[in-house]
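Below: one structure, written as structure tokens.
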Amino acid sequence: MLLNASSPKKIIPNHWMALLGCFAGICCYLLPVLGFNATYFPGDLGDARLNLYFLEHNYQYFFGELKSYWDVQIMYPELNVMAYSDNLLGSSPGYFIFRFLDWSPIRAFQGWFVLVTLLNYCCSLLFFQSTFKRTDAAVIAASVFSFSGALVSQLTHAQTFPRFAIPLAFWAAYRFHLNRHPGYFMASLLFLIWQFYCGIYLGFMLSVALALFYLTSFITHFFTGILKNKGVLWWLQIVASIGINLLLLWYLMQHYVHRSWLPNDSHYQSLLVRLPNWRSYFLSSHASLLWKFLCHVSSSFKDSWDHQLFPGLITISSLLGVVMLMLYELFIRRRKELFEPKALLVLTGIFLFILFFKVQGFSAYYSLYYIPGFSSMYALTRIINVELLFWGLAVGMVYLKLATRFTANTNWLFVIGIVLLGLDNFHFPSYIHRTEVSTSEYRLQRLNTAFSSIPRGAVVSYEPKDVQEPVSYIQLDAMLLAQAYGLKSLNGYSGNCPFQYSEFWQKPGEDARINWLNNWRNPIDSLYVIQFPNQVIKTNYRYNIHREIDLVKKRIKRDEKWLSHIMEKAEKKGISLDSMLTLDAIWMVDEEEKNRIKPNSELWK
């Protein structure tokens, strides 16, 4: 049977197999992204540099340069800004290593990307080695998890790069299933929490996969009577493990609770377009060596690049073959081997796929949506980062089946398998989502003189005129330079922002800036405005009620329906339109004042 293939002869030493798989991944995945001279970094000038900002923030905080962790000095003076996005705490030590070596932040970001990618490979290799007891099959499976072509669509989401806790969590869970030792259960939950600290999206997604595996595991043990022999102490250890890890999770998530989106059916409908359907798994990118023609499978997806989840023909074929065999064993032959440990992993992968899959306007994800935290997830195609663990398992199982037929030439079968996987998943560098390091450095260098001239600790606002590029690039230029020179930045960009900040978010300028600062009722003694690369204007800001009234009047005038209503009221009262506008504006300012959020005084010191 496929699940119990015998072990053919091993000719290539284990360490050489692992190194060959790693070398293939470097050539087919890392080098196309970074270039031979590390000329590029993964992603664009937006989200990639946002994650770089958070990594550098972590570095500065943990080594004493910052007093507050969660009150990041962007969107100033908003509090708890870090909770608008992933914080990358769990993988930041890898970034710290390169900063210790005196690498620049952008170079350290490249090093961090390489390090976490190799960790993904090594940790998945550990999991698959434990599962297959065969290095060649483990290397094949780990290559799918770590270097799949489906990951090219994730290059714009740097928070998905650290995925090494996923195989570690399943390694411990798999060991727990085999020997029921509570220590492995505790370890699997600790790795789950680690993934939350690496990236909250993948933490939630991993929690679903792990829960599915434990559900099938406990059901299996229940019907086989294994759990009946467990005493009170064993159960207490299980409960204690859950309690301890919930506390560790709450330590992180308490900061995100107030940022979460309240679930409702209307919001759920807007998420449906973000769930993958069958076309997503057959949609490739223009960069693919062999499967470029599949880039036209569907052009109707919103943010179609996120739906480019095609993992290659080998992976798709292996996955379908294993699923069909399991169905055959279940319904035709009724074989007991279906419930062996590896089969439970496959079942977990199938159930996970179903939960995050969309058919027309329906998805089983609705069963998860109202669980706290799940309504806050937006880019649901990121589930591919977890699914690849089970898809790699399927490829490894097919490899083992073939290996039983080529016992005398296993070394050649392994080498051919690695080569075919590389070709199947290779993407041309010129079409990959990546950005030249020099492009980012040039953008910062042209503003360096202006930012470096501002006193440390002051508040800065970068408001360039006639912007002809994504505003996120502008905001991040200011954020990174303010971070480098210890400044507080009105500029900001993250996963979300306060409603009152949205005007400045979309177009930094004087009116938007004053409208945002008027929400806080506090003076800023030294506000520095930069409109041109080498021009810094120092201005003193004071809250001005008359200015706020004027801004509200402008808002009313821009809304034709609202303005028409004001005109009717002015006519009924027999007063001028301007007087009626002023009265309504004063009323609105007073109402907003009643619900005004007062800033933390500590932030202003």
Q | Selected residue (criterion: modelled with the lowest pLDDT) from residues of the range 244-257 that are assigned to a helix (DSSP H, G or I) and loosely packed, with under 15 Cβ neighbours inside 10 Å | A | VAL257
Q.
Just the residues that are closer than 25 Å to GLY64 by Cβ and part of a helix (DSSP H, G or I), please, taken from the range 477-507.
A. ALA478, MET479, LEU480, LEU481, ALA482, GLN483, ALA484
Q. Is it fair to say TYR69 is crowded, with 17+ Cβ neighbours inside 10 Å and not small (Gly, Ala, Ser)?
A. no
Q.
Filter the range 469-512 down to the residues that are in contact with a Ser or Thr (Cβ under 6 Å, 6 or more places away or on another chain) and open to solvent by less than 20 Å² (accessible area, probe 1.4 Å) and list them by number.
A. ALA478, MET479, ALA482, LEU490, SER494
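Conditions (1) in a helix (DSSP H, G or I); (2) at pLDDT below 90; (3) open to solvent by less than 10 Å² (accessible area, probe 1.4 Å); (4) aromatic (Phe, Trp, Tyr), marked per residue:
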{"residue": "PRO8", "(1), (2), (3), (4)": "no, yes, no, no"}
{"residue": "LEU19", "(1), (2), (3), (4)": "yes, no, no, no"}
{"residue": "CYS27", "(1), (2), (3), (4)": "yes, no, no, no"}
{"residue": "VAL33", "(1), (2), (3), (4)": "yes, no, yes, no"}
{"residue": "ASN37", "(1), (2), (3), (4)": "no, no, no, no"}
{"residue": "ARG49", "(1), (2), (3), (4)": "yes, no, yes, no"}
{"residue": "LEU55", "(1), (2), (3), (4)": "yes, no, yes, no"}
{"residue": "TYR61", "(1), (2), (3), (4)": "yes, no, no, yes"}
Q: Look through PHE164, PHE170, PHE147 and report the one residue that is under 20 Å from TYR197 (Cβ atoms), among the aromatic types (Phe, Trp, Tyr) and in contact with a Cys (Cβ under 7 Å, 6 or more places away or on another chain).
A: PHE164
Q.
Residues that are assigned to a loop (DSSP other than H, G, I, E, B), surrounded by fewer than 18 Cβ atoms within 10 Å (Cβ to Cβ), at pLDDT below 90 and on the phi > 0 side of the Ramachandran plot: does the range 344-363 have at least one?
A. yes
Q: Check whether at least one residue in the range 378-387 is at pLDDT below 90, of a type in the set (S, T, N, Q), crowded, with 18+ Cβ neighbours inside 10 Å and under 21 Å from the mean Cα position of the chain (by Cα), and report yes or no.
A: no
Q. Mind checking whether some residue in the range 146-153 is modelled with pLDDT of 95 or more and either in contact with a Phe, Trp or Tyr (Cβ under 7 Å, 6 or more places away or on another chain) or open to solvent by 10 Å² or more (accessible area, probe 1.4 Å) (or both)?
A. yes
Q) Filter the range 122-145 for residues that are surrounded by fewer than 24 Cβ atoms within 10 Å (Cβ to Cβ) and among the aliphatic types (A, V, I, L, M); which is nearest to LEU290 (Cα to Cα)? A) LEU125
Q) Which ones in the range 258-271 are outside any loop (DSSP other than H, G, I, E, B) and either within 18 Å of the chain's Cα centre (by Cα) or farther than 17 Å from TYR369 by Cβ (or both)? A) HIS258, ARG259, LEU271
Q) Regarding SER241, is this residue farther than 25 Å from SER367 by Cα and crowded, with 16+ Cβ neighbours inside 10 Å? A) yes
Q | Counted residues, the range 388-425 - those being open to solvent by 20 Å² or more (accessible area, probe 1.4 Å), assigned to a helix (DSSP H, G or I) and closer than 23 Å to MET326 by Cβ | A | 3
Q) Does any residue in the range 382-404 that is farther than 14 Å from LEU421 by Cα come within less than 7 Å, Cβ to Cβ, of a residue that is open to solvent by 10 Å² or more (accessible area, probe 1.4 Å) and of a type in the set (S, T, N, Q) six or more places away or on a different chain, and which pairs are these? A) THR404/SER6
Q.
Criterion first (buried (at least 24 other Cβ atoms within 10 Å of the Cβ), at pLDDT 95 or above and under 22 Å from ILE200 (Cα atoms)) does PHE113 satisfy it?
A. yes
Q: For the range 413-436, indicate whether the set of residues that are over 20 Å from GLN154 (Cβ atoms) and of a type in the set (S, T, N, Q) is non-empty.
A: no
Q) Among GLU591, GLU568, GLU560, GLU602, which is at pLDDT below 80 and either closer than 22 Å to LEU490 by Cβ or open to solvent by 70 Å² or more (accessible area, probe 1.4 Å) (or both)? A) GLU602
Q) Does THR160 satisfy the condition of being on the phi < 0 side of the Ramachandran plot and buried (at least 19 other Cβ atoms within 10 Å of the Cβ)? A) yes
**Q.** Subset of the range 151-208 (residues that are without any contact (Cβ under 8 Å) to a residue 12 or more places away in the chain and farther than 25 Å from ARG274 by Cα)
**A.** ASN179, HIS181, GLY183
**Q.** Checking ASP466 against (1) touching a residue at least 24 places away in the same chain (Cβ under 8 Å); (2) closer than 26 Å to ALA48 by Cβ; (3) part of a loop (DSSP other than H, G, I, E, B); (4) open to solvent by 60 Å² or more (accessible area, probe 1.4 Å), the condition it does not meet
**A.** (1)
**Q.** Condition broken by GLU78, with the remaining ones in (1) farther than 18 Å from GLN159 by Cα; (2) in contact (Cβ under 8 Å) with a residue 60 or more places away in the chain; (3) not in a loop (DSSP other than H, G, I, E, B) satisfied
**A.** (3)
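The values are calculated or read from the model by the stated rules, or taken from the named source; none is laboratory data. Predicted model only: the values in this text are computed from it and were never measured. No Cβ is skipped: glycine too gets one built from the backbone with ideal geometry, and neighbour counts run over all protein chains shown. Ligands, DNA and RNA are excluded from the accessible area calculation, which covers all protein heavy atoms including side chains. Shrake-Rupley method; radii C 1.70, N 1.55, O 1.52, S 1.80 Å.
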